[in-house]
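Readers should treat all values here as calculations from the given coordinates under stated rules, not as data from a laboratory. Because the structure is predicted, anything quoted here is derived from the model rather than measured. Reconstructed Cβ throughout: ideal geometry from the backbone, glycine too, with neighbour counts over all protein chains shown.
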């Protein structure tokens with residue numbers, strides 16, 4: 001098949017799924033935090049508030065596109081564009097699965113948009129340029145809170161990029177490649193007969209330290225609690241995006257969630273074996289998980305109905321989930337669905353971690369955060385890198 | 001407007017080098033000023049060089065309004081002074097007027113007053129804890145605290161018919177006797193509450209981020225606090241064991257067994273610990289009041305001050321006359337002046353009432369803890385970071401209604 005056509009189809013598919021996923025990530029976040037906080041969360045629009053992202057999008061699209069009189073117009077408009085563009089580009093180098101044959105055709109393709117031989121550097125570069133979005137937004141808004149937020153954000157992102165990059169270097173040393181696909185392929189080794197050789201399982205757990213450093217820096221890099229100082233609502237109102245409204249605000253919002261998703265994908269690929277399951281012989285699990293949850297929903301939606309308003313939605317979702325489960329068991333589809341399942345479930349778990357932490361922890365102070373970056377994260381990450389390098393040199 | 005009277009001079013002039021500072025106007029609309037407080041900050045980067053508090057945005061003239069109401073009608077006004085601990089305000093006012101009238105309050109009324117005041121202290125501290133934690137970024141605490149506060153508001157509603165502006169206290173007692181089944185509801189809340197405090201402590205006390213954000217922040221020496229007239233948990237966190245419930249017992253507090261928690265660090269964390277411990281002590285007092293609630297009348301025997309029973313009013317001439325007089329013109333209070341103070345959640349809350357012998361107060365003055373405590377804002381915030389100022393502001397636990405009245 002024509003390379004161009006295939007790429008276009010894949011790009012369209014990934015873009016659609018990614019953008020929808022971002023919208024629903026926000027729904028998931030609101031629901032999870034609501035349940036942590038003994039609330040219900042969005043439940044007005046659609047069953048269980050499932051149409052909330054749609055209405056939010058419509059609201060943001062139709063709001064007045066306000067440009068305050070005192071802003072530097074060019075940079076004010078440029079900032080959200082840079083932010084959202086840089087956040088969305090990184091997904092193009094993320095591989096979601098191995099090479100597959102499209103069912104009922106002879107087309108062979110990779111799951112994932114593209115594979116660069118410097119793939120790992122692309123998200124780093126993008127987040128590096130993404131700092132400009134925040135700094136420019138803070139500066140061009142001509143607002144004191146925004147300026148403080150922008151300054152905090154740039155300093156924080158620049159500082160945490162360093163340990164982040166050093167933490168990434170550890171798996172690069174181990175797998176001797178910058179291509180994400182090759183990194184995952186080199187983890188595709190079964191050791192001791194039952195465990196896939198994910199990066200965090202090898203070299204006496206030294207890469208696990210790098211993984212933790214990576215996660216912490218990822219929190220800081222995406223400005224999330226406990227490192228959400230740039231937009232610390234209780235100090236700086238809304239931080240660097242105080243003066244932004246409607247779609248320009250939505251762009252920053254989307255950028256934050258896109259960055260979160262990409263960095264979680266990156267963590268999964270570098271440390272958690274990408275689309276590989278934990279142990280071999282688990283091909284029946286994806287279908288079973290969906291089928292079991294479908295059956296559970298059917299049970300609670302029909303036989304053991306707790307709330308009357310769930311009498312339609314729960315059986316419906318039960319049937320849908322059972323259907324998805326069955327799809328995972330169809331032999332033709334299995335080479336596609338199984339890797340996707342493992343990849344997405346690991347990513348979702350990390351995203352859940354993000355949300356969980358947000359609901360639990362207070363935030364750092366600015367100087368403590370910088371001290372944490374330079375006094376702890378950086379030395380530890382350097383140490384991890386040396387240890388990994390030493391082990392790799394001895395072993396290989 | 002107030003801005004003209006602020007005398008806000010940039011501190012840059014005082015510096016030897018020509019340092020450029022940024023003036024940041026925090027409030028009156030700001031998520032962390034807990035109401036309409038305006039703080040003008042002189043910033044060098046993120047360091048606050050000078051802070052000026054601008055109050056008065058919530059000024060309602062309650063003190064002056066009191067002079068136009070009859071003695072009993074003032075009680076609903078006192079609700080609105082510190083709307084988070086309205087019962088303490090009711091109590092202080094009633095105590096002052098009762099001192100002028102020399103009324104003897106029956107034990108049941110005293111126990112009801114103590115129990116509900118302590119419950120409202122818990123509710124007030126819960127609002128403080130929730131918003132304070134929210135300011136520092138722990139957003140779930142807010143919801144947990146408000147869940148428990150909701151239980152207390154339901155109890156208050158059960159007793160008085162109102163959730164917040166209860167006006168439950170009357171001069172000479174309480175408005176109504178305890179409703180049917182109150183022991184069960186209050187008992188259920190009190191039996192659950194200690195485990196909830198443990199949960200708050202689990203989330204915050206040992207949390208390393210919480211401790212580094214609060215320890216050593218917002219320090220003020222005990223001498224300074226005394227000079228500024230600060231009272232309540234803030235001064236107890238500086239080491240002074242001063243609690244009016246213990247030192248000048250009122251409303252039968254001497255019959256209750258409780259501790260006055262103190263710390264010596266005088267920082268945000270110490271204030272946090274003191275208030276958390278006060279939650280436990282208030283729970284202890286309320287529990288004792290619940291267990292030892294005496295039977296008997298809930299209002300003093302003063303037919304010319306308190307409305308007679310409905311049945312008596314219909315059958316007895318004397319009662320009908322009293323009812324008519326109280327409803328139409330109120331009761332008169334002997335000329336004189338009285339000051340009564342209580343330990344409100346925020347500190348010493350005093351009511352100074354002056355009577356000229358008529359049915360309306362000549363003057364009511366409130367010594368509100370928020371106003372006195374807020375004075376230390378400027379010295380406390382100097383040379384701190386913006387983030388610390390938010391933590392320090394939260395630890396002061398002021399209510400703007402209480403400040404501006």
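Tabulated data
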read-out	value
Tensor-based shape of the protein assembly as shown (alpha-carbon gyration tensor, a/c under 1.5 rounded, otherwise prolate or oblate)	prolate
Helix B:86-101 vs. chain B, principal-axis angle (Cα, 0 to 90°, nearest 10)	50
Gyration tensor verdict on the stretch A:1-122 (Cα atoms; rounded if a/c is under 1.5, prolate if a/b is larger than b/c, oblate otherwise)	oblate
Mean separation of Cα contacts under 8 Å (6+ apart) over length of the stretch B:52-404, as relative contact order %	28
Spread of Cα-to-Cα distances over 5 Å intervals beginning at zero, given as percent, for the stretch A:147-270	2, 10, 17, 19, 15, 11, 9, 7, 5, 2, 1, 0
Principal-axis tilt of helix B:317-329 within chain B, Cα atoms, nearest 10 degrees	30
Residue-averaged 222 nm ellipticity for chain A, from DSSP H runs of 4+ at -39500 (n - 2.57), nearest 500	-21500 deg cm²/dmol
Relative contact order [Cα under 8 Å, 6+ residues apart], chain A, whole percent	21
Rg followed by Dmax, in Å, when the stretch B:52-404 is reduced to its Cα trace	20.7, 71
Rounded tilt (10° steps) of B:386-396 against the dominant C-alpha axis of chain B	20
Sequence of A:56, B:247 once ranked by neighbouring C-beta atoms within 10 Å, starting from the fewest	B:247, A:56
Order of A:355, A:129 - criterion: other Cβ atoms within 10 Å of each residue's Cβ, fewest first	A:129, A:355
Neighbouring partner chain Cβ atoms per residue of A:217-226, average, 10 Å criterion	1
Proxy reagent accessibility, fewest Cβ within 10 Å first, across A:139, A:192	A:192, A:139
Structure-based [θ]222 nm, chain B - -39500 (n - 2.57) summed over DSSP H runs of at least 4, per residue, nearest 500	-14500 deg cm²/dmol
Shape of the stretch B:333-405, Cα gyration tensor, a/c cut at 1.5	prolate
Shielding by partners, peptide B:326-339 (average Cβ within 10 angstrom, other chains)	0
